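*Asks:* Take this structure first; my questions come after.
All of the numbers you see were taken from the coordinates with simple rules; none came from a lab. Bear in mind that the values here come from a model prediction, so they are computed numbers and not experimental data. Please note: Cβ atoms are built from the backbone with ideal geometry, for glycine as well, and neighbour counts cover all protein chains shown.
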Amino acid sequence: MSNSPQDAAFKLPDASFAEVEALAWRLAPLLEPGDVVSLWGDLGAGKTAFARALIQTMAGKPIEVPSPTFTLVQTYVLSAEIWHFDLYRLKRVDEIYELGFEDALSDGVTLIEWPERLEAALPRERLDIRFADGSAPDRRSIAVSGSAGWSSRLPLLVNDRATALDEFLARAGWQAAERRPLPGDASFRRYTRLVNGTQTAMLMDAPPPHNDAPQFLKIAEHLLAAGYSAPRILDRDAEQGFLLLEDLGDQTFTRALAAGAKERSLYTAAVDLLISLHQGDAAVLTAGVPPYDDRVLQVELDLFTHWYLPAVSGLSVDPDQRDVYRDIWAALLPVARLIPETLVLRDYHVDNLMVLDRPPPKSVGLLDFQDALRGPALYDLVSLLRDARRDVAPELIAELSARYLAAFPEVDALNFNAAFACLSVQRNLKIIGIFTRLARRDGKPGYLKHIPRCWRMIEADSQHPALAPIVVWLDRVIPAEYRVIPNGDRI
């Protein structure tokens, strides 16, 4: 994307103020840390009014949003941190860095009025919204375009999907509810809390062609039938990707830990849920669920070689070395299957687990399981204890691994340790590839900061004797000087 506005991806040729507000509402749940929205147009074109509607939508209430014309920047800590810049009075481009611009780009959602003042410093990865006069003083012509990272999100701004969503909520009886967007993540799904008096519900928007709503429904039904706290399905339009879900609240394990909850208690509850789940009837739990076979695991591993090495070295992996990498893993992956298979939720970590006032195992609420597969039972234990986003103390990992193993006396301890190490290295290589792709392809650099932790876990778990072949390959192809964050920072 160039540093000048693109041809519009779509236009609102003569929008009323209500239509401008509706565009802000549709945009709010799509925004993620690292996103840049540049607002173009002359004085009085409506840039600040749009920014105000967008910020108030993200706040879920009509908060005060002053124009930053004189302060140059205003910040808001909402569902994400918002940096609202008005650069009309900017005298020199380098002044922008004194205003915290680099921090905004790294950790926040950045709204920029008068982006042309930045010249070449304007980020290439961004969403452009251009405002011009309409047919009357209270109407505006709006053109919207985005860089590659917006390709999957732009269709969600078009009126047709917004209309379909309104119709779905009307059929479900929630059309009058207040809508409070939740922060975005690394997926195509968007969540909005609906508040209707004393009632709340969660709206999941999983648009085609990235529509995982049918799979979410299938796994939710399996989990609910087995007695676990997945969100109940209140209403659905799976074909269009709209689900109305039970609201399990805001108390994720992550927030509970930040508020001072006891780490051992929460992690023990999460491990006990896995024990309960894995002691259940695997055939029933995995009915109709695709396999997490070696082919899928290998596709995930290829993300590392395809994205990470070129990003840190400027070089592509030599085809012969890539073949060696695949051959090594073809021999290693059976180690992960030394443990029985069952339902694997795949993103079982503290961001996706909820603290609920219910008896165990229902005391742990389950989110983000639509990618579940039938695969190695230890995968979710590894996901929990070898978390890419959070350090877990080695002594707690050892304690909870022993607790899990004691619940399955038929499992050999040596096989357990080998499978755990194998899955940890596989998962963290995959995650490094995914985080690099999110930054390079999708313009989402916020996940890069976790790569050092992934490397530490790879280096620790690859000390298991079974992983010796991949250690040799990594030392040869990805030596220490390449084990860096892809923006050039040393680990």
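*Asks:* Given the DSSP H assignment, sum -39500 (n - 2.57) over each helix run of at least 4 residues in the chain and divide by its residue total; what's the result at 222 nm in deg cm²/dmol, nearest 500?
*Replies:* Mean residue ellipticity, 222 nm, calculated: -12000 deg cm²/dmol.
*Asks:* How large is the dipole of the chain about the Cα centre if only Lys and Arg carry +1 and Asp and Glu carry -1, each at its Cβ, rounded to the nearest 20 debye?
*Replies:* 200
*Asks:* In addition: What are the residues whose amide H is under 5 Å from the amide H of G146, where those residues sit 5 or more places off or on another chain and H is modelled from the backbone?
*Replies:* A9, D128
*Asks:* Ok, one more. Using the C-alpha atoms of segment 8-123, what convex hull volume per residue, in cubic angstrom, is computed?
*Replies:* Considering the Cα atoms of segment 8-123, their hull volume per residue is 111 Å³.
*Asks:* For segment 120-174, what is the Kirkwood estimate of the hydrodynamic radius, computed as the reciprocal of the mean inverse distance between distinct Cα atoms, to one decimal in Å?
*Replies:* 13.9
*Asks:* Using the charge dipole of the chain (Lys, Arg: +1 at Cβ; Asp, Glu: -1 at Cβ; taken about the Cα centre), state which of L338, T71, L12 has its Cα farthest towards the positive end.
*Replies:* T71
*Asks:* Nearest 5 is fine: what % of DSSP beta bridges in the chain come out antiparallel, could you say?
*Replies:* Looking only at bridges with both residues in the chain, the antiparallel portion is about 75 percent.
*Asks:* State the answer as a single residue: which of G34, L54, F101 lies farthest towards the positive end of the charge dipole of segment 10-147, with beta carbon charges of +1 for Lys and Arg and -1 for Asp and Glu, about the Cα centre.
*Replies:* Projecting each Cα onto the dipole axis, the largest value belongs to L54.
*Asks:* Could you run the Karplus curve 6.51 cos²θ - 1.76 cosθ + 1.60 with θ = phi - 60° over segment 93-109 and give me ³J(HN,Hα) per residue in whole Hz, x for Gly and Pro?
*Replies:* 4, 5, 5, 4, 6, 6, 8, x, 4, 5, 5, 4, 5, 7, 10, x, 9
*Asks:* Mean Kyte-Doolittle hydropathy of -1.0 or higher plus an axial Cα length of 24 Å or more: which whole DSSP H helices in the chain meet both? Working shown, then result.
*Replies:* Values: long enough: 319-336 (26 Å, -0.14); 413-440 (40 Å, 0.70).
Flagged H segments are 319-336, 413-440.
*Asks:* So what are the three principal axis dimensions of segment 253-482 from its Cα atoms, in whole Å, longest to shortest?
*Replies:* 53, 39, 36
*Asks:* Same structure again: Express in % the proportion of alpha carbon pairs of segment 267-387 at distances exceeding 24 Å.
*Replies:* Details: 2796 of 7260 pairs.
The calculated P(r) of segment 267-387 puts 39 percent of pairs beyond 24 Å.
*Asks:* Tell me, what is the percent relative contact order of the chain, built from C-alpha pairs under 8 Å that lie six or more residues apart?
*Replies:* About 14 percent, as a whole number.
*Asks:* Using the C-alpha atoms of the chain, what convex hull volume per residue, in cubic angstrom, is computed?
*Replies:* Convex hull volume per residue, Cα atoms: 158 Å³.
*Asks:* Rounded to the nearest 20 debye, what is the charge dipole size of segment 253-482 about its Cα centre when +1 sits on each Lys and Arg Cβ and -1 on each Asp and Glu Cβ?
*Replies:* 680
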